[in-house]
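Enquirer: Starting off with a structure, shown below.
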Amino acid sequence: MQPPRDCPDWVEVVTAAERPELWQRARQDDLFHDVWPEYNHHGNDTPAYFGALVPRFAEFQALFLDRRTGQIAARGRTIAFGWDGTLDDLPPGIDALGIRAVHEKNPPTALSALAAEVDPAYQGSGLSRLIIVTMAELARSHGLRALVAPVRPNHKDRYPITPIERYARWRRPDGLPFDPWMRVHARIGGRILRPEPRSLHIAAPGRDWEAWTGMAFPDDGQYVFPGGLAPLTVAGGEGDYWEPNVWMLHEVG
């Protein structure tokens, strides 16, 4: 694909459609596993849509290569879906979005970000911003009307008992969002559509949650845990968790 205008010289951007062997390598080697908390790899519905990205949506999946070393430095995963541009038609979270996208028969009208992943060795190099800009360019080049993102606020785990509706309203003195990842979106034109308290669902036996979090849950109740954006509810030996997101919009017309 044609790289965005401000792409650094040392970065090459390719899609999974252009370099399927590189995409498969990143998947087989699980190159970006460690950029997520372990529990995030166990969504109940995520396999249905993340597993459908290639080959069906291959032209919307981007890899960012270090020209100097050939290393895969970052990955951007998106999915195309039908959206009429209104809040009423916006899916209630990333799970609902992904399920809608894989079952739709009509041509898509918008693109949604799913994940922006940067190898820890390259974090702080500006690739996170470049991934979003590239996602917007992919939407534009395919004639889609908008890029939306179910943003996972990366400091929300420090405030797990604060409702996402309240957290999303927090601002710095300069008026930008309090959350760093939301700020990255805002600085390149993203605006908040709405917070989504029940976006990604993970329900599993308590013993699995104990393995993922390194904690014990000796009684029924609500627990905060490392990396969690909201409390985990434990009842009858089962753990139930809804991860919140914040929908943000990037106009691409």
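Enquirer: In nm, what is the difference between 0.36 nm times the number of residues separating A58 and E251 and their Cα-Cα distance?
Expert: That pair, A58 and E251, stretches by 67.3 nm at full extension.
Enquirer: Rounded to the nearest 500, what is the chain's calculated 222 nm mean residue ellipticity when only DSSP H runs of at least 4 contribute -39500 (n - 2.57) each, over all residues?
Expert: Calculated at 222 nm, the ellipticity per residue is -6500 deg cm²/dmol.
Enquirer: Using only the alpha carbons of the chain, what is the convex hull's orientation-averaged projected area in square nanometres?
Expert: One quarter of the hull surface, i.e. the mean projection, equals 14.0 nm².
Enquirer: Another one. Ranked highest first by average number of other Cβ atoms within 10 Å, how do 222-228, 135-141, 242-248 line up?
Expert: So the peptides 222-228, 135-141, 242-248, ranked by packing, come out 242-248, 135-141, 222-228.
Enquirer: What's log10 of I(q)/I(0) for the range 149-214 at q = 0.22, 0.24, 0.28 Å⁻¹, Debye sum over Cα points only, no solvent?
Expert: -0.97, -1.09, -1.34
Enquirer: In addition: Once the range 8-55 is represented by equal point scatterers at the alpha-carbon sites, with solvent omitted, what log10 I(q)/I(0) does the Debye formula produce at q = 0.16 Å⁻¹?
Expert: Evaluating at q = 0.16 Å⁻¹ gives log10 I(q)/I(0) of -0.60.
Enquirer: Could I have the simple spin-label model distance between Q222 and E38, label points 7 Å from Cα toward Cβ, reported in nm to one decimal?
Expert: Going from the Q222 label point to the E38 one covers 2.5 nm.
Enquirer: Just for the Cα atoms in the range 124-253, what are the lengths along the principal axes, largest first, rounded to whole Å?
Expert: If we take the Cα atoms of the range 124-253, the spans are 52, 36, 28 Å.
Enquirer: Something else: Roughly how many Å is it from the Cα centre of the range 152-170 to that of the range 73-137, as a whole number?
Expert: What the calculation gives is 21 Å, centre to centre.
Enquirer: Can you give me the convex hull volume of the Cα atoms of the range 27-104, divided per residue and expressed in Å³?
Expert: Dividing the Cα hull volume of the range 27-104 by its residue count gives 128 Å³.
Enquirer: Select from I164, A48, L193 the residue farthest towards the positive end of the dipole of the chain; place +1 on Cβ of Lys and Arg, -1 on Cβ of Asp and Glu, and compute about the Cα centre.
Expert: L193
Enquirer: Go ahead and collect, in residue order, the members of the range 25-45 whose backbone nitrogen is under 15 Å from a label point 7 Å along the Cα-Cβ direction of A211.
Expert: It comes to 38-43, nothing else.
Values in this text are rule-based calculations from the coordinates and carry no lab data. Here the structure is a predicted model, which is why all the values come from computation and not from measurement. Positions of Cβ are backbone-derived with ideal geometry, glycine not excepted, and every protein chain shown enters the neighbour counts.
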